[in-house]
Amino acid sequence: MAQTALDWAQAKMRDRGVAPGAIDSFAHYFELARSGATGIIAEASIEPLTAPESLAGVQIDPDAARQALAQTVMIKLNGGLGTSMGLDRAKSLLSVRDGKNFLDLQVAQVLHARRAHGVRLPLLFMNSFRTRDDTLAHLARYGDLAVEGLPLDFVQNAIPKIDAQTFEPVAWPDDPELEWCPPGHGDIYVALEASGILEDLLDKGFRYASLANGDNLGAGPNATLAGWFAASGAPYAAEVCVRTPNDRKGGHLAVRRSDGQLILRDTAQTAPDEMDFFTDEHRHPYFHANNLWLDLRALADRFARHGAVLGLPLIVNRKTVDPADPTSTPVLQLETAMGAAIEVFPGARAIAVGRDRFLPVKGTNELLLLRSDVFDFGPDAVPRATVPDQPRVDLGAPYRLVDDFERLVPVVPSLRQARSLTVRGAWTFDQPVTIVGDVTIPEAGAPASVPGGVLGDA
């Protein structure tokens, strides 16, 4: 039955036109899931990463930095729809500042770096089958963005959702597209190779790739980092940041005791009874920013020697076939994480960077911060903090969906003097407000506007 189920899933992928390498990779992870693999990494098997090299101490000759950037391609993960924020299209189309969305700002970052350093610096987006059309339609306004001979995007592979009971590819006649899912952002490596873009980049003289989440505007072009990575000779490197109590849920790098290899451990790879170790910011003082540097030659060599299966740890994501219907068929989504590739590249490195390199927007709390005076956007379109410490923002459930957030916050409050802002209830910010210190706005019992002026005190 299990073999029949795999054959059925593979045939379904071939009918959809999925690349052979992606089908081979799916088969590998299908067998792992069928065998009950958990991917758990025991605390006793690792040593915490406590003293990575720091970007603050890196000194690179400007010419060497420019030369490294000239051989670099920027790749952004752009497969998410932002459904948790109530969006039904690419999250990167969400307005961030002054009418500009994530795509606009990333394009501006790259075009500025090209002018500043005199380099080609391609910008590529890994889209999903759900985000591609809208993304390319928006990018069409930038006639000078594409680098000759290279596309603006490639598409993440699609794999069948697996019925959690039968292990067969799930059937959902009401919306057959819901029978498919992306295989996690770890698919980026297989998608690069299967699309032919990896070969194209190498043929055109590009050696290095800077990879980052599309919702992280902090991970812009950086010649110093490019120069450091080129000089290191490493096949792969990951950026890490100092952990705070607010970063306990994020994954972290560790050193595997058996061979000294750097590995990534996420929440899903931690046993419940070891979560105290995982969340201890003193034991594991750095978190993984998911900003990665990759030697494209090393990746091509890996594929040449081992085929399409990189051997990244499996993540089994348990969902329902219709995410909006918790009563629909339970399914397994077989995924991998982009950052987990660190363990398949001997000699991989880690580098500690400032918090300004990690500014993801996971919800409206972070969106409010980026829209506020806590950040300035300079000519390079990179957000820079105007205060030493970002305030903590907790807007509450009424603001979770973007449409509600836009309606309730037409006037963004000043947060430069704030330590924290907590809002309970559906308050409307419709006049200038300055938040000072720690401010909690309690439930009003009825719709109300936040009074203008200064709230709180130092």
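Computed from the coordinates by the stated procedures, all read-outs in this text should not be read as laboratory data. Since we're looking at a predicted model, the values are computed, not measured. Every residue, glycine as well, gets a Cβ built from its backbone with ideal geometry; the counts of neighbours run over all protein chains shown.
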**OP:** Report the paramagnetic label zone for VAL411: residues of the stretch 428-442 whose backbone N is under 14 Å from a point 7 Å from Cα along the Cα-to-Cβ axis.
**Re:** 428-435
**OP:** Using 0.36 nm per residue of separation minus the Cα-Cα distance, give me the extension gain between ASP24 and VAL255 in nm, one decimal.
**Re:** 80.2 nm
Original post:
What is the order of ARG243, ARG305, fewest Cβ neighbours within 10 Å to most?
Top reply: ARG305, ARG243
**OP:** Could I have the simple spin-label model distance between TRP172 and ASP438, label points 7 Å from Cα toward Cβ, reported in nm to one decimal?
**Re:** 4.3 nm
**OP:** Return P(r) of the stretch 364-456 (all Cα-Cα pairs; 10 Å bins starting at 0; whole %; ordered from short to long distances).
**Re:** 17, 53, 26, 4, 0
Original post:
Give or take rounding to whole Å, what are the principal axis extents of the alpha carbon atoms in the stretch 306-386, in descending order?
Top reply: 45, 44, 18
Original post:
Using a simple charge model, +1 on the beta-carbon of Lys and Arg, -1 on the beta-carbon of Asp and Glu, nothing else, what dipole does the chain show about its Cα centre, in debye to the nearest 20?
Top reply: 760 debye
**OP:** Please label the shape of the stretch 1-75 as rounded, prolate or oblate, based on the square roots a ≥ b ≥ c of the eigenvalues of the alpha-carbon gyration tensor (a/c under 1.5 means rounded; beyond that, a/b larger than b/c means prolate, else oblate).
**Re:** oblate
Original post:
Which value in nm describes the separation of the simple spin-label points at ASP373 and LEU150, placed 7 Å from the Cα toward the beta carbon?
Top reply: 4.0 nm
Original post:
Under 17 Å from the Cα of LYS91, which aspartates and glutamates turn up, not counting those fewer than eight places away in the same chain?
Top reply: ASP104, ASP133, ASP134, ASP153, ASP215, GLU366, ASP403, ASP404, GLU406
Original post:
Whose amide H sits under 5 Å from the amide H of ILE159, counting only residues 5 or more places off or on another chain, with H placed in the peptide plane?
Top reply: CYS181
Original post:
Taking neighbour counts of Cβ atoms within 10 Å as a proxy for exposure, in what order, fewest first, do TRP293, TRP180 appear?
Top reply: TRP180, TRP293
Subject >> Summed residue charge, Cβ within 10 Å of ALA237's Cβ, Lys/Arg positive, Asp/Glu negative >> reply: -2
**OP:** For the stretch 413-454 and the stretch 234-270, compute the distance between their C-alpha centroids and round to whole Å.
**Re:** 37 Å
Subject >> Student exercise, the stretch 10-97 dipole from Lys, Arg, Asp, Glu Cβ charges, in Debye to nearest 20 >> reply: 640 debye
Original post:
Just one of [x] 22.2; [y] 23.5; [z] 22.8 is Kirkwood radius over Cα pairs in Å as worked out from the coordinates here. Which one is it?
Top reply: [y]
Subject >> Cβ-defined net charge surrounding ARG305, 13 Å radius [Lys, Arg +1; Asp, Glu -1] >> reply: 0
Original post:
Which peptide among 345-352, 55-62, 69-76 comes first, and what is the full order, when sorted by highest mean count of other Cβ atoms within 10 Å?
Top reply: 69-76, 345-352, 55-62
Subject >> Charge tally in the Cβ shell below 10 Å around LYS76, where Lys, Arg are +1 and Asp, Glu are -1, LYS76 excluded >> reply: -2
Original post:
Once you put a point 7 Å from the Cα of THR327 and another 7 Å from the Cα of ASP389, both along the Cβ direction, what distance in nm separates them?
Top reply: 4.8 nm
Original post:
How would you classify the stretch 250-337 from its alpha-carbon gyration tensor, with a ≥ b ≥ c the square roots of the eigenvalues: rounded for a/c under 1.5, else prolate if a/b is greater than b/c, otherwise oblate?
Top reply: oblate
Original post:
What is the fewest-to-most order of ARG357, ARG115 by other Cβ atoms lying within 10 Å of their Cβ?
Top reply: ARG115, ARG357
